[in-house]
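J.: Below is a structure I'd like to ask you about.
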């Protein structure tokens, strides 16, 4: 009797390793945790740490547990920064209101902020959403806008109380008189943000919280301005004690002589009087100025980008081989060498290394020290590349994690062809073009990689002659390679079944052993070399299909500061000139496709917003000219956006600057509505156009400036990239939380500041041009009537 022990060694062991992992150079077992879509990442990490802590109590004392890429810390810090920015914006706005309107009026206006904030957060909770960084920035963005209506009502009531009306009557008149202008201005602002709710794709899911929060808070601010604040003002309102200069200006702007006005209002009235003497020249100068700004940005601006680059604390190094013929141990050795060169870089906090499969040698996930204690991320990436430049024959990709919506590589191309040979040849051609371009780095693809494999070709006729079959031959070969699974059982120390594998000893696992294999047949032991032939062939890793067509993807990243829009035309020209085979097509994917999708949507959203706002304005003023006047101010205000980008040296961001332009449209309309509404009221009283425009400017200068200043001040911390920590008593400049929103804040602040100048000068000139034409027509009609009634 022969037992297994006589011919084999039976032992309990682990399966062959599929990968290796290490942490800061020490061997480790890794557990990678990802949250499900829609779940809270902070809660997910807290639950994970609690489970690990509980299990660690039962583990050996020398077991060390480290956490890598703990994103909850970054999210908490970013939320804290945005909360501080919200408080800073509120404080700045309240200070301005306090100085301009007095204590009681500023208290009334200030009530609009918490009232609108709480209502907006309540609406978010009703929709089942959570507060995140986009919601917090939307609150920062809304601080200056949601007090506009309250400022207009309170300022009007304050003016009426100064004229002698009681506080109840003053606030009643203010709420009634300003109800339509404020409602129209709020409706136009909501019309600007509402189309953003239908933003498609991943970017739309990421930015959806912005319009939702703004719509909720601004709708609440309308109720605060027209109902709650007048009600409270009727109880505690009190006229502000005017200085002698302010008393003179109030009296002169209502019915007195405008030339007696002093201070800022007086200077503005005198400048406006001169401007109204040549309204056509002023309007033409404004249009030429905006055209000049467009031309200047096109010539010396920093171009266009999709999403702003933000400082990050994470990076990833991927090491790829030009061949897939590496064993797992060889890959582990290469990864160890790379890890040794990175662990002592001061800017790197931890290195988590893991070997890969197929073409990937392995990846190293790097956690950088806090951004305040190291250089900029691009400098750290350059240092990492320099350390790893000693490796030859490998593709080493160094990428830093980008905050914002999940996205692929910036440059991504998909090559289609039904002919597999043409597909592979085209891939090599495109890859060569990308590698030769000086501004494209980190090139990778999912096509087949150069490699070889051994093939066992069986002569079935010869095998039948010996009574051999293919399946039995394959089982014998497996004993030389990965082992033949003959069954499974459940040992006492395991809850799962364990495979039983038969394989040759390690010293007999080589190619020559395959040639010496003998197969038991009816004719006895037959060497498999009698009916098989071993050959080497090119390896085919995979075949990809996209929309039913064979395809391969290739992409890469750009050097820091380079823009895809400038490089893509050059690359496509080279690809077309390379002479790809017939039937091969190349399509743009990745960030460029996302950028084009977002750009197309934002243009459509801007057009829809302008149309809806125009309809609201026509209904409000019953005048196509005045609606066109306000719409032209919206279009011209984009010049201010480019002025801000030129001053700060930033490119025009498709996402952030595009949202800024759309947001700007809704904000600018407010000042123009209030201005034109006052002008129409004065004209209805029989006042001539020039006098009506001058008095409108004198009366509405302060609320227009106040609404502009409060909006700009609310965004000022983001514009300056300053984070004021009111609790830790420190100031940070250039924090990642401010970098993401800086472009959007600059667009709104600069555009609104520029648009305010247009509102105070271009709008009056356009009004007076139309008003004088109406006065001349009315005068001619009066003369004709007088001539008809004269008997002579």
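J.: Just to be sure, is residue 47 touching a helix residue (DSSP H, G or I) at 6+ places or on another chain (Cβ under 9 Å) and outside the structural domain of residue 329 (by TED's automatic domain parsing)?
T.: In short, no.
J.: Also, I was wondering about something else. I'm checking my understanding of the structure. Among residues of the stretch 52-71 that are under 16 Å from residue 27 (Cβ atoms) and within 41 Å of the chain's Cα centre (by Cα), which one is surrounded by the most Cβ atoms within 10 Å (Cβ to Cβ)?
T.: Looking at the filtered set, the residue picked out is 68.
J.: Within the stretch 374-396, work out how many residues are outside any loop (DSSP other than H, G, I, E, B) and either on the phi > 0 side of the Ramachandran plot or modelled with pLDDT under 85 (or both).
T.: Total satisfying the criteria: 4.
J.: If we keep just the residues of the stretch 132-188 that are outside any helix (DSSP H, G or I) and in contact (Cβ under 8 Å) with a residue 12 or more places away in the chain, which is farthest from residue 101 (Cα to Cα)? Let's see the steps before the verdict.
T.: Residues of the stretch 132-188 outside any helix (DSSP H, G or I): 132, 147, 163-166, 178.
Now drop any that are not in contact (Cβ under 8 Å) with a residue 12 or more places away in the chain, which leaves 132, 147, 163, 178.
On the way: 132: 34, 147: 13, 163: 16, 178: 18 Å.
Checked the stretch 132-188; the qualifying residue farthest from residue 101 (Cα to Cα) is 132.
J.: If you go through the stretch 415-429 one residue at a time, do you hit one that is part of a strand (DSSP E or B) and touching a residue at least 12 places away in the same chain (Cβ under 8 Å)?
T.: Yes, some residue in the stretch 415-429 is part of a strand (DSSP E or B) and touching a residue at least 12 places away in the same chain (Cβ under 8 Å).
J.: While we're here: So residue 601 ticks every box in (1) crowded, with 16+ Cβ neighbours inside 10 Å; (2) within 17 Å of residue 432 (Cα to Cα) but one. Which box is left unticked?
T.: If we test residue 601 against (1) crowded, with 16+ Cβ neighbours inside 10 Å; (2) within 17 Å of residue 432 (Cα to Cα), just (2) comes out false.
J.: Of all residues in the stretch 102-129, count the ones that are over 18 Å from residue 218 (Cα atoms) and surrounded by 21 or more Cβ atoms within 10 Å (Cβ to Cβ).
T.: Initially, the stretch 102-129 is screened for residues over 18 Å from residue 218 (Cα atoms), giving 102-107, 128-129.
Imposing the further condition that a residue be surrounded by 21 or more Cβ atoms within 10 Å (Cβ to Cβ) reduces the set to 105-106.
Residues in the stretch 102-129 being over 18 Å from residue 218 (Cα atoms) and surrounded by 21 or more Cβ atoms within 10 Å (Cβ to Cβ): 2 in total.
J.: If you don't mind, there's one more thing I want to ask. Mind counting the residues in the stretch 487-524 that are over 58 Å from the mean Cα position of the chain (by Cα), in a loop (DSSP other than H, G, I, E, B) and closer than 21 Å to residue 454 by Cβ?
T.: 2
J.: For the list (1) surrounded by 15 or more Cβ atoms within 10 Å (Cβ to Cβ); (2) at pLDDT below 80; (3) not in a helix (DSSP H, G or I), I need the number of the one condition that residue 540 fails.
T.: The number of the failed condition is (1).
J.: So residue 635 fits all but one of (1) closer than 22 Å to residue 292 by Cβ; (2) buried (at least 19 other Cβ atoms within 10 Å of the Cβ); what number is the exception?
T.: Only one criterion is unmet by residue 635, namely (2).
J.: Moving on to the next point. Give the residues of the stretch 680-693 that are within 19 Å of residue 156 (Cα to Cα) and surrounded by 21 or more Cβ atoms within 10 Å (Cβ to Cβ), sorted by residue number.
T.: 692, 693
The values are calculated or read from the model by the stated rules, or taken from the named source; none is laboratory data. Note that the coordinates shown come from a computational prediction; the quantities given were computed from them, not determined experimentally. Because the Cβ atoms are built from the backbone with ideal geometry, glycine has one as well, and the counts that use them run over all protein chains shown.
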